[in-house]
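Scroll down for the structure; my scribbles are underneath it.
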Amino acid sequence: MSRLGVPYELFRCDPSLADTAQFCAAYGFDLQESANTIVVVGKAQPRVYAACIVLAPHRLDVNRVVKTRLGTRKASFAGADETRELTGMEIGGVTPFGMPADLPIWVDAAVMARARVVLGGGSRNWKVIAPPAILLALPNVEVVEDLAGQPGLQD
């Protein structure tokens, strides 16, 4: 990640506390600075995928924004096995760093407004803490307005 030219910190954590809410409570981080990387799948043949990065309290708009961007009639969160197969990472540790080269990475614009974000570190043992600008150095990244809805503003 040093080639990305943005400072970052690797933060070791107990893998049993890697899920966002537990991690934030145990280590004193604000949910508003935690960003989850979620692999989504478009239900087409062949299946199409993307990785979406949203702030932890926000809700990814899978049924409208994601399925439209994927160009499919249906979309959903990829399951744990499918995520592991595609990325080599476990849920709770999924990171945008080291994703397959052809996988689109969509970042909700609200993530970019934070001073720093806490991201998965590629395993349940690590988190990456960095300014969100680090995401712009990755291939296939696109910032998307309204990729996720804010808490309390859901339909």
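The values are calculated or read from the model by the stated rules, or taken from the named source; none is laboratory data. On a predicted model such as this, the values are computed, not experimentally measured, just so you know. Every residue, glycine among them, receives a Cβ derived from its backbone with ideal geometry; neighbour counts consider all protein chains shown. Surface accessibility is based on the protein's heavy atoms, side chains included, excluding ligands, DNA and RNA. Shrake-Rupley method; radii C 1.70, N 1.55, O 1.52, S 1.80 Å.
If a/c stays under 1.5 just call it rounded; otherwise compare a/b with b/c (prolate if a/b is bigger, oblate if not). Do that for the range 70-155, with a ≥ b ≥ c from the square roots of the Cα gyration tensor eigenvalues. Taking the square roots of the gyration eigenvalues as a ≥ b ≥ c, the range 70-155 is rounded. Listed values for the range 42-49 are Karplus-derived 3J(HN,Hα) couplings in whole Hz (6.51 cos²θ - 1.76 cosθ + 1.60, θ = phi - 60°), namely x, 7, 9, 10, x, 5, 10, 10, and x replaces Gly and Pro.
The solvent-accessible area of Leu10, taken with every protein chain present and a 1.4 Å probe, is close to 90 Å². Overall, the anisotropy analysis places the chain in the rounded class: the square-rooted eigenvalues a ≥ b ≥ c of its C-alpha gyration tensor yield a/c less than 1.5. Around the amide H of Thr95, modelled in the peptide plane, lie the amide H atoms of Gly122, all under 5 Å away and 5 or more residues distant in sequence or on another chain. In this structure the amide hydrogen of Cys13, modeled in the peptide plane, comes within under 5 Å of the amide hydrogens of Trp126, Lys127, none closer than 5 places in sequence on its chain. Classify the range 31-112 as rounded, prolate or oblate, taking a ≥ b ≥ c as the square roots of the eigenvalues of its Cα gyration tensor: rounded when a/c is under 1.5, otherwise prolate if a/b is larger than b/c and oblate if not. Because a/c hits 1.5 or more and a/b fails to exceed b/c, the range 31-112 counts as oblate. Each residue of the range 70-87 was assigned a 3J(HN,Hα) from its phi angle through the Karplus curve 6.51 cos²θ - 1.76 cosθ + 1.60 (θ = phi - 60°); the sequence is 6, x, 10, 6, 9, 8, 7, 5, 6, x, 4, 5, 5, 4, 5, 4, 6, 10 Hz, with glycine and proline shown as x. Only DSSP H runs of four or more residues enter the estimate; each adds -39500 (n - 2.57), and after division by the residues of the chain the mean residue ellipticity at 222 nm equals -3500 deg cm²/dmol.
Taking amide H atoms as placed 1.01 Å from N in the peptide plane, the amide H of Val39 lies under 5 Å from those of Cys52, Ala78, each 5 or more residues away in sequence or on another chain. Within the full protein context, the accessible area of Leu31 is estimated at about 70 Å² for a probe radius of 1.4 Å.
Remark: relative contact order (the chain) = 30 percent; criterion is Cα-Cα distance under 8 angstrom and separation of 6 or more residues.
One Cα centroid belongs to the range 87-111, the other to the range 119-134; the line between them spans 10 Å. Residues with beta-carbon under 15 Å from that of Trp126, excluding Trp126: net charge, scoring Lys, Arg +1 and Asp, Glu -1? Cβ neighbours under 15 Å give a net charge of -1. Legend: residues Ser16, Ser76, sorted from most to least accessible area (1.4 Å probe; ligands, DNA and RNA excluded), read Ser16, Ser76.
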